[in-house]
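Below: one structure, written as structure tokens.
The values are calculated or read from the model by the stated rules, or taken from the named source; none is laboratory data. Note that the structure is a prediction, hence the values are computed from the model and not measured. Methodologically, a virtual Cβ is constructed for each residue, glycine included, from the backbone with ideal geometry; neighbour enumeration extends over all protein chains shown.
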Amino acid sequence: MTEQRMSGGTDPNTVRKSMSVKAPQAIAWRVFTEKMGTWWPLAQYKIGKTNAVDAVIEPRVGGRWYERGEDGSTCQWGSVLTWEPTALLVLSWDISADWQYDATLKTEIEVRFIPEGEHATRVELEHRHLDRYGARREEMRRIFDTEGDWGRVLEMFARVAAA
Amino acid sequence: MKVSRPAVSQHLQVLKAARLVKARAEGTRRLYAVNPKGVETLRTWLDGFWDEALAAFKEAAELAAANERKHR
């Protein structure tokens, strides 16, 4: 399981996770970036209308990060901001409060892969700039106040709850 | 919304657990209101989300490493 880093207290605009993985750095990097579809909980965490079958990170700065549906359609989640194999990955996460892609949102996910000897890797993840949702708080409230969009939010949380 | 009353009630319980809504009792009714602390709620949700996603990643990475060792 992951544990939260204790240093630095609780930054309300950042989520931090750190864990040790029993895999060499290169394998940890490869599974995270090339084989995301094998571990990402696609059944619950996707934004498209069809069932998602893969999660893809295009391996370059500026590449897209997206889900692919069973019908071949794609839904973008964000893009690659930093691509330094096999040590550092920064992605933008542009899923808005109403669970739609919004290229202007740009919360950031930084993932560091730090070797712990030959056979293990410390993986540190930081999801930051959550305050960028703050500017959209009013929009979020409007969405919650609009019955039509409640359905989507409820559906999302029902999926989480059923997991 | 074409959702039955018990289903809505159940959904609201989920939203309450996720701190997206707050509930208060008024007579025999329970009134729900949106929790204005949107970012805090979102952060709580993302915190749990990353726990789940990274646990799955760890499992996949360790399986890949074990397979590689086996085939060496």
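Taking the stated definitions as given, is A:Asp54 more than 22 Å from B:Asp51 (Cβ to Cβ) and out of contact with any strand residue (DSSP E or B) (no Cβ under 9 Å at 6 or more places or on another chain)? It is false that A:Asp54 is more than 22 Å from B:Asp51 (Cβ to Cβ) and out of contact with any strand residue (DSSP E or B) (no Cβ under 9 Å at 6 or more places or on another chain).
For A:Gln44, the conditions (1) touching a Lys or Arg at 6+ places or on another chain (Cβ under 6 Å); (2) closer than 18 Å to A:Ser92 by Cα are fulfilled apart from (2).
Here A:Thr2, A:Thr74, A:Thr38, A:Thr10 are screened, and the one residue that is within 13 Å of chain B (Cβ to nearest Cβ), at pLDDT below 95 and more than 20 Å from B:Glu59 (Cβ to Cβ) is A:Thr10. Considering A:Thr107, A:Thr121, the condition of being within 10 Å of another protein chain (Cβ to nearest Cβ), surrounded by 15 or more Cβ atoms within 10 Å (Cβ to Cβ) and at pLDDT 90 or above is satisfied by A:Thr121 alone. Could you check, for segment A:126-147, whether at least one of its residues is under 15 Å from the mean Cα position of the chain (by Cα), modelled with pLDDT of 90 or more and surrounded by 15 or more Cβ atoms within 10 Å (Cβ to Cβ)? Within segment A:126-147, one or more residues are under 15 Å from the mean Cα position of the chain (by Cα), modelled with pLDDT of 90 or more and surrounded by 15 or more Cβ atoms within 10 Å (Cβ to Cβ).
Considering each residue of segment A:74-96, count those that are of a type in the set (S, T, N, Q) and in contact with a helix residue (DSSP H, G or I) (Cβ under 9 Å, 6 or more places away or on another chain), and give that number. Steps first, please.
Step one: filter segment A:74-96 for residues of a type in the set (S, T, N, Q), giving A:74, A:76, A:79, A:82, A:86, A:92, A:96.
Pick out the ones that are also in contact with a helix residue (DSSP H, G or I) (Cβ under 9 Å, 6 or more places away or on another chain) and you get A:86, A:96.
Number satisfying all stated conditions: 2.
Let me confirm something: among A:Val31, A:Val15, A:Val90, which residue is touching a Leu at 6+ places or on another chain (Cβ under 6 Å) and within 12 Å of another protein chain (Cβ to nearest Cβ)?
On the way: A:Val31 fails: touching a Leu at 6+ places or on another chain (Cβ under 6 Å); A:Val90 fails: within 12 Å of another protein chain (Cβ to nearest Cβ).
None of the other options fit; the residue is A:Val15.
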